[in-house]
1. Would it be correct to say that G285 is out of contact with any Phe, Trp or Tyr (no Cβ under 6 Å at 6 or more places or on another chain), in the same structural domain as R150 (by TED's automatic domain parsing) and of a type outside the set (A, V, I, L, M)?
2. Do you know which residues across segment 364-399 are closer than 16 Å to K270 by Cα and surrounded by fewer than 10 Cβ atoms within 10 Å (Cβ to Cβ)?
3. Got a number for residues in segment 239-293 being on the phi > 0 side of the Ramachandran plot and either hydroxyl-bearing (S, T, Y) or assigned to a strand (DSSP E or B) (or both)?
4. Cβ-Cβ distance below 7 Å, separation of 6 or more or different chains: which pairs start in segment 235-249 with a residue that is more than 13 Å from L373 (Cα to Cα) and end on one that is among the basic types (K, R)?
5. Within segment 86-198, considering only helices (runs of 4 or more DSSP H) that don't extend past its boundaries, which have at least 2 residues that are assigned by TED's automatic domain parsing to the domain that holds R386 and either touching a strand residue (DSSP E or B) at 6+ places or on another chain (Cβ under 7 Å) or modelled with pLDDT under 95 (or both)?
6. Looking for whichever is at pLDDT 70 or above and in contact with a Pro (Cβ under 8 Å, 6 or more places away or on another chain) here; the options are C26, C18, C82. Which one fits?
7. Would you mind finding the one in H320, H313 that is assigned by TED's automatic domain parsing to the domain that holds C267 and in contact with a Pro (Cβ under 8 Å, 6 or more places away or on another chain)?
8. Which one is farthest from G216 (Cα to Cα) among residues in segment 242-268 that are among the aliphatic types (A, V, I, L, M) and buried (at least 19 other Cβ atoms within 10 Å of the Cβ)?
Amino acid sequence: MDKRSSSPAESVLSCARCGKPAYLQCPKCMELKLPREGAAFCTQDCFKAAWSSHKSVHLKSKLATGIASTPSEQSQEGWLYCLKKGQTRTSVLPHFDWTGPLRPYPISKHCLVPEGIEKPDWALDGIPKIEPNSDLQNIVEIKTPEQIERMRETCRIAREVLDAAARIIRPGITTDEIDKVVHEATIAAGGYPSPLNYHFFPKSCCTSVNEVICHGIPDARRLEDGDIVNVDVTVYYKGVHGDLNETYFVGNVDEASQQLVRCTYECLEKAISIVKPGVRFREVGEVINRHTSMSGFSVVKSYCGHGIGELFHCAPNIPHYGRNKAVGVMKAGQTFTIEPMINAGVWRDRLWPDGWTAVTADGKRSAQFEHTLLVTETGVEVLTARLPSSPNVFPWLNP
């Protein structure tokens, strides 16, 4: 708090809180070069008492120039664009050489998680602590029967959460509304939405529309007839994660997009069919690459499947493209995801200014499907498999 000098010719200001003569000036207002009126206080006590309401003046000034930089400032405003992986908000559409027709829209505030829900170690500050330094980044864990049982339970919840999101997808709904359904369904089941605040990701699921390959942030844009949208859900429950995603049609989708989505679904199915003890992890990419090439599409190389369990991401890495150098063979008791991302055009990707949203370099569409899998003694168990209650959204699954 700075004291501001006042010359005899200069009229004494009134305290912004109590109206008494004021000789103290808010230092933040001085830094932002805001008018002295409304920024003057008679005592430190008056300044402190007025702070909770007075600080909104600083936020409005920053929004006028574009940036709200701290979480406390962000939380006072509603819908803003996302920057710096979720750590910053702006009221101005960021400048970018957009590759396709899609643009980011403002996002809403963080959803809250009740106190009684078990949370991963990034829930409060956005920083995973155990995961980066774990031995399981280099060693593929063989799960115990007890861990496997928890994984089954968590993956079933994740499937039910994704199905709840699938049921509301239609033209006119926002991806933010999808996120709200995912968040509320996860909480209702007693779980935590794993993406929420993971490395500062601001939402409870990823929603990737049209040319977005993965990690799209739910926002205020309304889905349009003809869009495709991938919803990626991960649930943390009883100390383990369950991860899956599907790409859905919004209204009437063109034939080329239908073929892309179906090919991607088939890529995952073909990859799952080879999973069993003794198979090399690198063979997954060969199977996917072969089917993709025959269909005239391309495989994204920047993102891969991953080990999962008590950690969200760990060994093994499972590339989806051919001629990859993945090390190791599958063994009973391992759990991991396969999640091919298939593009209608080139395989290369670009990253939006928000630091999360990966889009196709040529602006053409991309699709993805994902399951969490358990290697068994004789083959594979799809832990996130569709249920009898899962909505009937894929025409090729109809008998």
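1. Values: out of contact with any Phe, Trp or Tyr (no Cβ under 6 Å at 6 or more places or on another chain): no; in the same structural domain as R150 (by TED's automatic domain parsing): yes; of a type outside the set (A, V, I, L, M): yes.
For G285, the condition - out of contact with any Phe, Trp or Tyr (no Cβ under 6 Å at 6 or more places or on another chain), in the same structural domain as R150 (by TED's automatic domain parsing) and of a type outside the set (A, V, I, L, M) - is not met.
2. Within segment 364-399, just W396 meets the criteria.
3. Total meeting the criteria: 0.
4. K238/R150; G239/R150; V240/R150
5. Result: 145-167, 175-188.
6. Sole residue among the options that is at pLDDT 70 or above and in contact with a Pro (Cβ under 8 Å, 6 or more places away or on another chain): C82.
7. H320
8. Within segment 242-268, the match that is farthest from G216 (Cα to Cα) is L268.
The values are calculated or read from the model by the stated rules, or taken from the named source; none is laboratory data. On a predicted model such as this, the values are computed, not experimentally measured, just so you know. Here Cβ is always computed from backbone atoms with ideal geometry, including for glycine, and neighbour counts include all displayed protein chains.
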